[in-house]
Amino acid sequence: MDLAAGRMVASERRAIRHVDPLLIAAALGLAVIGLLAIYSATHQSLSAVGLDPGRYVKRQLTFLALAVMVLALAASFDYRLLKVYAGIVYVSSLVLLILVRTPIGTSVKGAQRWFELFGFQLAPSEVAKIALIAMLAAVLSEVRGELTVQDVFRTAALAGVPALLVFLQPDLGSSIVFAAILVGMLVVAGARARYLALLGLTAAVLIVAGFQVGLVREYQIERLKAFLDPASVSEDALHNREQAEIAIGSGGLMGVGYLKGSQTNLDFVPEQHTDFVFTVVGEEFGFAGAVLLLSLYGLLLWRAFRVAMLSRDPFGTYLAAGIASMLALQMFVNVGMNVGIMPITGIPLPFVSYGGSSLLLNFAAVGLLLNVHMRRFV
Amino acid sequence: MTDPRAGLRLKVLAALVVVMFAALTTRLWFLQVLAAEQFRSQANDNAVRVVEVPAPRGVIRDINGTQLVNNKLRLVLTVNREELGDDAERVLMKLSELLDIPAEELGARLDDALKRYYIFTPVPLVVGVSKNVALYVKEHSKDLPGVDVLELPVRDYPLGSVGAHVLGYLGQISKEKLKDPGFAGYKPGDLVGISGVEGVYEHDLAGTPGLVKYRVNSLGQNLGEIGELQPQPGDDVVLTIDADTQELAENSLRAGIMHARSVYDSSSNASLQANAGAAVVLDPVTGAIQAMASFPSFDPSLFTRSMSEREYKRRFGASHSSPLLNRAIAGQYPPGSTYKPFVAASALQRDIVTTSRYYPCPGSWTAPYNTSDPEATQYIFDNWTTANLGSMNIATALAKSCDTIFYPMGYRYWDLFYVNPDEEAHGVISHEPLQRDLAYFGFGSPTRVDLPYEDGGRVPDAEWKRTTHEAYPDSFPEGQWFPGDFILMTIGQGDTLVTPLQLATAYGALEDDGKVCVPHVLDHVESSDATVVRRYQPNCRRSVHIDPKYLRYIRDGLKGTVSTPGATATAAFSGFPFSEVSVAGKTGTAQVPPKQDYSWFAAMTDANGEKHVVVVLVEQGGHGATTAAPIARNIIEGLYGLPLTQFTDIAGTD
């Protein structure tokens, strides 16, 4: 007993020495750029209606402080515990997703109050992303030998349930993230290419069927069409893309200067502090600023992959790979839609966009990466 | 890591991510470096123009729902003086040709007699131009700088000038009002109600303008709407005015005045001038004004455009009897004998006279003087007729308007006025119960009607006479209070002034057992979806402090005015069906030297509980029975659906 306890304390002490400062620096750097961009995007319209121009940025700063605590919390316990409780976490996240959807769920004040415990509304889809990563990592790490086609479809079903639930919300963006997590983790787990192809085919059939029974909402089709064939859709749907591109393009090599973006100040870009926050960086800090932002993501993802490589067990590897897939895809889809090479889906830019839930959960993910990294020798 | 092959597969995934970065960076390079120039100019072209969408102004309706004022889309030719610049003369010549209006007139209209337009706001020069004019202006816009034709909602008056004084008109907001916190949110150039109901209920009628945000490029071309805020239409105002009664009152007043102008006036040895007048019809129980006429009237639609100084003077000048003046509330006149019922009420209440006694009515009355002093001045006050009418009670004295019965009452108030040394020591300055009683009836202060520019009339007292003399010694050479001041007050002369609405309110109190109602024109305000926003709460809380039995006595006496032989208005009401409609009234002939006499008539009518008070005044209309009484009769006949009597010459009485 005493011996075992002593060993635990020693290992914790050793673990703290193996924290990854670059990983933390990248996440914090992105969050700071986010604060600057949120202020630039909102201060004018807030003061125009007589509100505190720092209203949004102050809220985001509060979230950031909370997020740093969440990061420390996520790094503090031994991540292998997560493997034990992955099932419970996964099922709980599904229950939350269902509760939020049903009228009973929204009328049950207790659940919502729990969400508001930290002073904000927690989006269950963000929780579900981490929960799915943990669940898939736990399942895949238990597979002995090569992945069979049954394994592939079983894990796909695990991802499919939350993906469908958020799709019904409707939140197409989060569904895509779930799919990306699944594919990324299957690739790392060594699923055969033809199984993945078969999975893709099945998904395509299901999606087409979804169109047929009307699961896909009008505006989602509109947005998709706006991307595929700009000439075919209304002014409104085109407006977002066009304005975002003008904002980013007019930034040029070095940007027009902080708080000087005319596109930003005149409110030309809709949802600019959330989904289109990248346009602020693009307009006001130019190509240089945009590349700096991408470099921070590059740094973050490099460190994430490194964690996956260095992990002492497959669970840690899959966990890190899943997190890397999630962050990479969100970054790519968001920046992609800002610059006009991806369709418009409501995916926030991780660490940068305004919003408490995504900031907290992304920092929690970084905390888990640190967790795996810190305990790679024990 | 347990599975070495996982390392390879991670590298595959990492490579995928690298491809993502490459794709994004390439795209960014294209957008921000290669195509930056093009996007910069697009961004410069991006500008927002916010256009205000005016809120539809509320409609004004009468009590039966008839629209008195609404909005109509009209083609309005506007000229912006700033943009006109040096081209003014040439452009005005061109417009003169186009519109067939002399260029000088157009130039004068640009200046606007009322100075309602700011230099930077377009002046509405002509309202209701033809489509052809609009087309021409649009096609020759380069040739006509600053000129525009816009389809604008313009105030429209379906009944023409009916109720013009009550309704009022709009104009651009004044600089003073812009500073007023009550007009927060208004901008220079905004139209606001200037007078009448339009002015008083501006905030109900105005609504809240909406906004449309357009994206415009550097050439100012509209590139599409980005946002919109719907305007909130103004609320509708429903008045207690009855359009039929209003029209009746205006027509009767006009017809009576026209007839009076053919009547010979013996005292001035000329035809009656009858230059102006007013008529009020109200509900004595609630104070609701059913009609309010003022002659001469005006066409309120003229105020939808600018006006030259000359046109303004021609239409609204003092030499044309100032038609914009609402004489019912802003005209102050001595009430003459129409005042007597209120003096009688005070005298009865204060036991100066009694209902049981009979009083002599000689042709003249001499004020008491020191008979032992042969040098003493004798002040002699004449009755309206030299004949001795014999003795009569107070009721008959009212019906026959006997001045010589009222003069002694005034002298009694003079007796009461004196203060004995004991009281003086206690700070009592003087006793003026008559003035206090008259003030209870509402004389001497505004009625607080919901219309602007109301005057309060005047109930003179010793203090007023002294201070006014001190302030204006030339106009008021005498500062001391004399018995004569009381004596003349009993017959509504001297320094006494009332407005027709004040008199109507006082007769309303007489009719309604002493309850004084605040007169009003608002019935309720309703939103554009016809729900009632606010209802006017009648305010009849004030009382005259006179025993109702005396008020009833006076009312009964006044019935004699129109029906008993020898009373002042019997001739004017000959043949009137009193069995159907009960009428109690009082004539008044006010002396306003050097002008001809002003003609008054006040009536209280009742048929099966439908009560009205009707007050008519005609400036320089001669005797009350000659001009005002027949007009009042006409109005009463119309109110109760009786055939209207033709105006004929009626011999002058009081």
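A compact table of results
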item	result
Residue-averaged beta-carbon neighbours from other chains (10 angstrom radius) around B:568-580	0
As computed over the range A:333-378, the Cα convex hull volume per residue (Å³)	85 Å³
Packing rank of A:323-329, B:60-66, B:640-646, B:628-634, where each peptide gets the mean count of other beta carbons within 10 Å, highest leading	B:628-634, A:323-329, B:60-66, B:640-646
Debye, to nearest 20: dipole size of the range B:73-158, +1 on Lys, Arg Cβ, -1 on Asp, Glu Cβ	320 debye
Ordering of B:11-24, B:291-304, A:199-212 by burial proxy (mean other Cβ atoms within 10 Å per residue, highest first)	B:291-304, B:11-24, A:199-212
Protection proxy ranking of B:25-37, A:184-196, B:234-246 - average other beta-carbon atoms within 10 Å, highest first	B:234-246, A:184-196, B:25-37
Descending Cα extents along the principal axes, the range B:73-158, whole Å	39, 30, 22
Whole-Å distance, taken between Cα centres, linking the range B:167-189 and the range B:435-490	34 Å
Reciprocal of mean inverse Cα separation for the range A:273-369 (Kirkwood radius, Å)	14.0 Å
Number of partner chain Cβ atoms within 10 Å, mean per residue of A:277-290	2
For the protein assembly as shown, radius of gyration divided by Kirkwood radius, i.e. Rg to Rh on alpha-carbons	1.23
Geometric extent, Cα atoms of chain B - Rg, Dmax (angstrom)	34.5, 146
The range A:10-100 pair-distance distribution - Cα-Cα, 10 Å bins, rounded %	13, 27, 28, 23, 8, 1
Footprinting exposure proxy for A:V95, B:V544, B:V285, B:V614 (fewest neighbouring C-beta atoms within 10 Å first)	A:V95, B:V285, B:V544, B:V614
For A:S250, A:S357, A:S175, order by how many other beta-carbon atoms lie within 10 Å, fewest first	A:S357, A:S175, A:S250
Cα-based shape type of the range B:39-189, given that a ≥ b ≥ c are square roots of the gyration tensor eigenvalues and the cut on a/c is 1.5	oblate
DSSP-assigned coil residues among trypsin sites (Lys or Arg not before Pro) in the range B:255-326, each with at most 16 further Cβ atoms within 10 Å	B:R261
Shielding by partners - mean other protein chain Cβ count within 10 Å, residues of A:309-318	3
Only Lys, Arg (+1) and Asp, Glu (-1) charged, at Cβ; the protein assembly as shown dipole about Cα centre in debye	6020 debye
Quotient of Cα Rg and 2.2 N^0.38 Å for the range B:418-497, N being how many residues it contains	1.25
DSSP-defined beta bridges in the protein assembly as shown - what % are antiparallel, rounded to 5	95 percent
Over the range B:562-654, volume per residue of the alpha carbon convex hull, in Å³	80 Å³
Spatial separation of Cα centroids for the range B:534-577 and the range B:393-408, in angstrom	16 Å
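All of the numbers you see were taken from the coordinates with simple rules; none came from a lab. Computed from a predicted structure; not experimentally measured. Because the Cβ atoms are built from the backbone with ideal geometry, glycine has one as well, and the counts that use them run over all protein chains shown.
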